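Structure first, commentary second.
The values are calculated or read from the model by the stated rules, or taken from the named source; none is laboratory data. Remember, predicted model here, so these are calculated numbers, not experimental data. Because the Cβ atoms are built from the backbone with ideal geometry, glycine has one as well, and the counts that use them run over all protein chains shown. Areas reflect the complete protein model, heavy atoms only, side chains present, ligands, DNA and RNA absent. Shrake-Rupley method; radii C 1.70, N 1.55, O 1.52, S 1.80 Å.
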Amino acid sequence: SALIEIDDLSFSYDNGKTNTLKNISLDIPAQEVTAFIGPSGCGKSTLLRCLNRMNDLVDSSKITTGEIRILGQDINAPKVDAIQLRKHVGMVFQKYNPFPKSIYDNVSYGLRIAGEKNKKRLDEAVERSLRSAALWEEVKDRLHSSALGLSGGQQQRLCIARAIAVQPKIILMDEPCSALDPIATAKVEELITELASEFTIVIVTHSMSQASRVSNNTAFFYLGELIEFDRTQKIFGNPS
Ligand code: ADP
Ligand code: ADP
């Protein structure tokens, strides 16, 4: 069933002069990976940022028409608080961005700002999140060392651990592998497919081959329009 329903969404950064997103309607199923693909500038990241209202932070004359519902709730309704929303809709960025703090502090950050102070519960959440992000074995003996000492691939998996620690329903990923080497990319791709058993994942990628490897559903965008949306297997065909 659809966890995220996008209904006739249009979005403009410049007060309606140009529509960066044009009449997008799309239902994103729960506990699967959905890839947004299409050429640079077609609006993939803009749509991703609409899903957790990150575009609210952009300083321009924005216009949004249409509706996005998450679990049936209109996320742009006046009573919905964007900070609250982002607890349920985590985000992982292209350029991995751990805080210049310890590994432990990075992973526990979201829980601590939510008011959790119990050391045992924080310890457990840190271990659980690092295990889910396939990073625990690599870092368990250096939890209090700086996150910036990790390799790029480890830093991105740490950012994934930080995103999942607060147990969001949805994880948005904007080109999560484009700053990684091929081996680190393969590890993150494997992780993405594993995490889909627990979370609903939306990934922006410029790479068709990556979409075909990690996603269950693919949405193809061109010049702000949704051109095609289907099961990934149907879009890319059977390789045999
Ligand atoms: P994609 O992710 O597919 O490469 P984007 O969503 O980043 O595309 O960009 C879509 C269009 O919106 C581009 O023309 C881009 O220049 C424009 N755009 C993106 N971010 C902003 C912004 N913060 N302010 C104004 N225009 C933007
Ligand atoms: P495509 O060629 O369609 O972009 P690939 O399947 O070749 O996709 O690559 C998948 C991911 O691996 C991409 O996100 C790409 O950025 C990354 N990647 C591929 N080759 C390299 C490389 N030599 N160095 C770093 N990253 C790479």
## Note on the structure
Of the candidates Ala30, Ala2, the one satisfying the condition of being closer than 15 Å to Leu172 by Cβ, small (Gly, Ala, Ser) and open to solvent by less than 60 Å² (accessible area, probe 1.4 Å) is Ala30
### Query
Is there a residue being under 18 Å from Arg128 (Cβ atoms), away from ligand 1 (no atom under 16 Å from the Cβ) and either assigned to a loop (DSSP other than H, G, I, E, B) or at pLDDT 95 or above (or both) anywhere in region 171-180?
yes
### Query
For region 1-105, which fully contained strands (runs of 3 or more DSSP E) count at least 3 residues that are more than 21 Å from the chain's Cα centre (by Cα) and more than 20 Å from His206 (Cβ to Cβ)?
63-70
### Task
Mind listing whichever residues of region 140-181 are among the charged types (D, E, K, R) and away from ligand 2 (no atom under 16 Å from the Cβ)?
Lys140, Asp141, Arg142, Arg162, Lys169
### Message
Taking the condition of being within 25 Å of Glu116 (Cβ to Cβ), open to solvent by 10 Å² or more (accessible area, probe 1.4 Å) and small (Gly, Ala, Ser), how many residues in region 139-162 meet it?
### Response
2
### Residue in region 188-203 that is away from ligand 1 (no atom under 16 Å from the Cβ), aromatic (Phe, Trp, Tyr), open to solvent by less than 50 Å² (accessible area, probe 1.4 Å) and assigned to a loop (DSSP other than H, G, I, E, B) present
yes
